[in-house]
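Following: one structure in C-alpha cells, then a few remarks.
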Amino acid sequence: YTDAAGKRHPPHPRKLNAAYAEGGPSLTVRTVEQLTGVHVDHYLEVDFTSFMKTVDVIGGVKICTARPLKDDHTGLDLPAGTHVLNGGQALQYVRSRHVDGTSDLGRIQRQQRFLAAVVHQTTAGGILLNPVRFNRVAGALLGSVRADHGLDAADLVALGRAMNGITPASSEFASVPVVLPGVPLKGSGSTLRWDHARAERLFTALREDRPLTHRPKRPRATPVEVDPGRIRV
C-alpha cells in the first residue's frame, strides 16, 4: 500500500495498529479497506484534549458499573454504581485495559458502552436540537481534530443533525470476531487473529448496509378465556 507521502509499504504480518505507526491515517484507511472490503468515506481523529473538552461541554457522561473499576496505569478508580464522568475521568475509563483479565477486548466493550451513553446524553438532553449547545460541542470537537481533506465543518454539522433520530436502542455496536487465545507473532508479541468466516459475515453486512444483529421475533400472544376479574397482580 502507499501512504500519503507516496511511500510504498509491501504486505507484511503486523498488528492492525502498526499501519498508523508506519504510514499514518492514509495507510491505516487503505489497510482497513483492503482487509474488510468496506469503503471508508471519511477519516476523523479525535485526540485526548478534544475528547475531554467534548465530554465536559455536553455536561459529562453517565456510566453505571456493576463492580469497582480500578486501573493503576490510567488512574481510573470508580466504585460500583452510577457516576457522571467528566472529561478526565471519561478518558481514564475508555483507555483502561488493566481492570480485569480481558485486556483490550474488555476495553472495547467499555468504549462501546461509553459511546451508547454519549448517544443517550446528546439525544435525550436535546443537545442536537439546541443551536447554542450544539455549536459549543462542535467547537470543542473541531478545535483539535484531524480529518481527511474531503471532510469539512459543514459535513460535521450535517452529521450532527442526522444523528438527531439516533438512540441507544437503534444503535448497533460490534467487534470483529477473533480466535482465542492469541498467538505470538515475531516482532509484535501476542496477537489475536480474526475468525475469517464470522468476520466476513460481519463485513458483508456492512457492505450491504444490513443490520449487524438479528433480534429474535417476539412470540405472538395467545388469547385465553379467563375472566379479567380473576387475575391478581
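The values are calculated or read from the model by the stated rules, or taken from the named source; none is laboratory data. Please read all numbers here as calculations on a predicted model, not as lab measurements. All Cβ positions, even for glycine, are placed from backbone atoms using ideal geometry, and neighbour counts span all protein chains on display. Accessible surface is based on the protein model in full, side chains and every heavy atom, while ligands, DNA and RNA are left aside. Shrake-Rupley method; radii C 1.70, N 1.55, O 1.52, S 1.80 Å.
Pick out the one residue from Val137, Val176 that is β-branched (Val, Ile, Thr) and under 30 Å from Arg193 (Cβ atoms).
Val176
Looking for something in contact with a helix residue (DSSP H, G or I) (Cβ under 9 Å, 6 or more places away or on another chain), free of Cβ contacts under 8 Å to residues at least 40 places away in the same chain, assigned to a helix (DSSP H, G or I) and among the hydroxyl-bearing types (Ser, Thr, Tyr) - is there at least one such residue anywhere in segment 30-37?
yes
What number goes with the only condition from (1) open to solvent by 80 Å² or more (accessible area, probe 1.4 Å); (2) farther than 30 Å from Thr213 by Cβ; (3) at pLDDT below 75 that Pro184 does not pass?
Of everything listed in (1) open to solvent by 80 Å² or more (accessible area, probe 1.4 Å); (2) farther than 30 Å from Thr213 by Cβ; (3) at pLDDT below 75, Pro184 misses just condition (3).
Could you look through segment 187-220, keep only residues that are open to solvent by less than 100 Å² (accessible area, probe 1.4 Å) and over 21 Å from Thr36 (Cβ atoms), and pick out the one that is modelled with the lowest pLDDT?
Ranking the candidates gives Gly187 first.
Hand me the list of strands (runs of 3 or more DSSP E) wholly inside segment 38-141 holding 1 or more residues that are at pLDDT 90 or above, surrounded by fewer than 17 Cβ atoms within 10 Å (Cβ to Cβ) and at negative phi.
61-65, 69-71, 76-78, 81-85
Just to be sure I understand, how many residues within segment 162-181 are open to solvent by 70 Å² or more (accessible area, probe 1.4 Å), of a type outside the set (A, V, I, L, M) and farther than 17 Å from Leu115 by Cα?
1
Search segment 72-88 for residues that are closer than 21 Å to Gln121 by Cβ and pair each with any residue that is polar (S, T, N, Q) and open to solvent by 40 Å² or more (accessible area, probe 1.4 Å) when their beta-carbon atoms are under 7 Å apart and the residues are at least 6 apart or on different chains.
Leu76/Gln92
Of all residues in segment 1-24, how many are of a type outside the set (Ser, Thr, Tyr), open to solvent by 30 Å² or more (accessible area, probe 1.4 Å) and touching a residue at least 24 places away in the same chain (Cβ under 8 Å)?
Number satisfying all stated conditions: 3.
Among the residues of segment 142-161, which ones are without any contact (Cβ under 8 Å) to a residue 60 or more places away in the chain and open to solvent by 70 Å² or more (accessible area, probe 1.4 Å)?
Leu142, His149, Asp152, Leu159, Arg161
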